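The block underneath contains the structure these notes are about, expressed in structure tokens.
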Amino acid sequence: MWDPFLEKIELVILYLLTHKLLLSLCVVLLVIVIRRVTITRIRGEANFLSEDQRKWISRTKNGAFTLLLLTLFLLWESEISKFALSLTAIAVALVVASKEIILCITGSLQRASSRSFRIGDWIEVGPVCGEVIEHNLMATVIQEIALQQGQYHYTGKTITLPNSMFFTVAVKNLNFMKRYVYHGFTVTIKETVNLYPMVPVLLDKIDEHIADFIDIARRYNHMIERHAGVDLPGSDPHIHITTTATGEQQVHFKLFCPTVQAAELEAKIREDFMTLYCEQYLPVAAKTVELEYQSA
């Protein structure tokens, strides 16, 4: 009863082994189908992917690619060996031509061994900042963040970084900045007036703005210090005044605050500074200008 059926299966297997190109196509299609079904099951019906879902999707893609590569290599091993032995010069040329690919794969191994970042971390590579959403043997994909402008929001741009960059550009892990950040900004004043009496008043104003989260900020700052093993500036707000080469005064503000509130707090502090400055110094500046005009 089973003999005819087994004979047919054996004939099909022999036919596929004889026609390796057809067998390779079947393997590729099978791996693609399994990968797509698995990713669909992981994604589910959610509109936004969680960090765990992104990790499993990345692992599925990398695993499917590795399995496909290994299967095709084992299937065509004899042909690859003959080709390598008979065309050594071409093989050397291919190695030279694939230098960038080798660097990308090596960069991926370097990232995995050093554990410099993982999916969900904020990183800075050269001028590019963003959250890692996927990484594989060839490249790392990040969601860009407007960190240089001090806004800490997503720009909507997806950037693909070749892993070879990790050998030439320093990778900064900014993961702790996802919750709290040292936010600094500067206000420049052209008039030559004494700004130091404003500092205590401005610090009181800032203390009012950060009263809701200062205790949590201190605990989080202490946790980062213990984790990193370094002495950080602290969680209390700081103001200092400097001058430029042209004689203009610059008031520098620095505070440790939740990342999502940094831009809002900066706007409030700028408003407090300008209100206080206008109340104390603008009438004096206007009177000085009037006297200069009358004397002229």
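Coordinate-derived values only; no laboratory data. Bear in mind that the values here come from a model prediction, so they are computed numbers and not experimental data. Positions of Cβ are generated from backbone atoms using ideal geometry, with glycine treated the same way; all protein chains shown enter the neighbour counts.
Values for this structure:
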item: Charge dipole magnitude, Cβ of K and R +1, D and E -1 - the chain, Cα centre, debye nearest 20; result: 1300
item: Cα gyration tensor shape for the chain, rounded if a/c is under 1.5, else prolate or oblate; result: prolate
item: Paramagnetic label zone (point 7 Å from Cα along Cα-to-C-beta, MET138; backbone N under 12 Å) in the range 90-121; result: 101-102, 104-105
item: Cα gyration tensor shape of the range 50-144, rounded if a/c is under 1.5, else prolate or oblate by comparing a/b with b/c; result: oblate
item: At most 15 other Cβ within 10 Å, DSSP loop - GluC sites (Glu not before Pro), the range 172-266; result: GLU191, GLU248
item: Label point distance in nm, HIS153-SER24, each placed 7 Å from Cα along Cα→Cβ; result: 5.0
item: Under DSSP loop assignment and at most 12 Cβ neighbours within 10 Å, longest trypsin sites (Lys or Arg not before Pro)-free interval of the chain; result: 1-114
item: Computed [θ] at 222 nm, helices only, for the chain once each DSSP H run of length n ≥ 4 contributes -39500 (n - 2.57); result: -18000 deg cm²/dmol
item: Rounded tilt (10° steps) of 214-228 against the dominant C-alpha axis of the chain; result: 50
item: Spin-label pair ALA46/ALA84, simplified geometry with 7 Å Cα→Cβ offset, distance in nm; result: 4.2
item: Helix axis angle, 51-75 relative to the chain longest principal axis, alpha carbon, degrees; result: 30
item: Shape of the range 212-252, Cα gyration tensor, a/c cut at 1.5; result: oblate
item: Reachable aspartates and glutamates, given that their alpha-carbon falls under 12 Å from the alpha-carbon of LYS61 and they are not under 8 places away in the same chain; result: GLU134
item: Eligible lysines near LYS157 by straight Cα distance, threshold 16 Å, same-chain separation 8 or greater; result: none
item: Proximal lysines relative to LYS268, as straight alpha-carbon distance under 26 Å, when same-chain residues fewer than 8 apart are discounted; result: LYS178, LYS190, LYS205, LYS254
item: Relative contact order [Cα under 8 Å, 6+ residues apart], the range 98-177, whole percent; result: 34
item: Relative contact order computed over the chain (Cα-Cα under 8 Å; 6+ residues apart), in percent; result: 13
